[in-house]
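The values are calculated or read from the model by the stated rules, or taken from the named source; none is laboratory data. Computed from a prediction, not measured in an experiment: that's the story for all the values here. All Cβ positions, glycine included, derive from the backbone under ideal geometry; neighbour counts span all protein chains shown. These accessible areas exclude ligands, DNA and RNA; they are computed on the full protein's heavy atoms, side chains included. Shrake-Rupley method; radii C 1.70, N 1.55, O 1.52, S 1.80 Å.
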Amino acid sequence: MHTVKLEWNNEQERLPIEPPLIELLERILQEAARTEGVDGGEVALTFVDDAGIHELNREYRGIDRPTDVLSFAMRESTDEEMDILYEVEEDAELAGLDDDLLGDIIISTERAQAQAEEYGHSLEREIGFLFVHGFLHLLGYDHQDEKSEREMMDKQEAVLGRVGLIR
């Protein structure tokens with residue numbers, strides 16, 4: 001059985017990224033990939049602070065505020081999205097693109113910490129939620145309407161439940 005490879009990079013200093021968190025994200029990735037029938041490939045994950053994600057959000061989406069997670073899919077992307085991806089990867093020093101790259105997920109640890117407190121659950125659960133949310137975006141899922149948002153939410157909660165990250 002093939003697995004999806006996780007490459008990660010830390011570009012923030014507020015939250016130490018410890019091995020147990022990466023191991024949890026690996027389990028989430030494998031569970032989400034298995035559930036979605038993804039057999040191989042690579043996901044690049046970068047942890048940033050609010051300033052870093054604010055800059056990316058403004059530059060690439062035209063939204064002048066920080067957000068919690070951004071996803072840049074490699075497959076079926078527009079030329080503009082491809083340009084964004086290459087620039088983001090250069091910024092993250094993720095050289096050596098490969099055809100198996102599913103895309104990039106960027107998570108703001110500051111937003112994740114604030115949201116974990118706001119929702120009353122663990123930071124691990126919030127980062128896990130943002131990660132699986134970003135992964136589903138890489139696969140083409142979106143939440144532009146109530147039906148698609150419910151579908152994404154159900155998929156996210158199912159994956160998180162199977163790895164023990166329940167609310």
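Which one of the conditions (1) modelled with pLDDT of 95 or more; (2) outside any helix (DSSP H, G or I) does G140 fail to meet, given that it meets all the rest?
(1) is the only condition that G140 fails.
For (1) in a loop (DSSP other than H, G, I, E, B); (2) among the hydroxyl-bearing types (S, T, Y); (3) open to solvent by 50 Å² or more (accessible area, probe 1.4 Å), each residue gets a yes or a no:
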{"site": "E13", "(1), (2), (3)": "yes, no, yes"}
{"site": "L21", "(1), (2), (3)": "no, no, no"}
{"site": "V38", "(1), (2), (3)": "yes, no, no"}
{"site": "I53", "(1), (2), (3)": "no, no, no"}
{"site": "E59", "(1), (2), (3)": "no, no, yes"}
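Could you list, in sequence order, the residues of region 41-73 that are among the polar types (S, T, N, Q) and without any contact (Cβ under 8 Å) to a residue 24 or more places away in the chain?
Residue satisfying the conditions is N57 alone.
Could you please find all residues in region 124-164 being among the aliphatic types (A, V, I, L, M) and free of Cβ contacts under 8 Å to residues at least 60 places away in the same chain?
Correct list: M152, M153.
With respect to V132, is the statement that it is open to solvent by less than 10 Å² (accessible area, probe 1.4 Å) and under 15 Å from I28 (Cβ atoms) true?
yes
Looking only at region 34-45, count every residue that is touching a Leu at 6+ places or on another chain (Cβ under 8 Å) and more than 19 Å from V163 (Cβ to Cβ) and tell me the total. Even if it seems obvious, please write down each step before you answer.
Residues of region 34-45 touching a Leu at 6+ places or on another chain (Cβ under 8 Å): 36, 38, 41-45.
Still in the running and more than 19 Å from V163 (Cβ to Cβ): 41-42, 44.
Qualifying residue count, region 34-45: 3.
Picking from I105, I28, which residue would you name as being crowded, with 20+ Cβ neighbours inside 10 Å, at pLDDT 95 or above and not in a helix (DSSP H, G or I)?
Of I105, I28, the one residue that is crowded, with 20+ Cβ neighbours inside 10 Å, at pLDDT 95 or above and not in a helix (DSSP H, G or I) is I105.
Please specify each residue of region 48-75 satisfying the condition of being among the hydroxyl-bearing types (S, T, Y) and within 15 Å of A114 (Cβ to Cβ). Show your work before the answer.
Of all residues in region 48-75, those among the hydroxyl-bearing types (S, T, Y) come to 60, 67, 71.
The one that is among the hydroxyl-bearing types (S, T, Y) and within 15 Å of A114 (Cβ to Cβ): T67.
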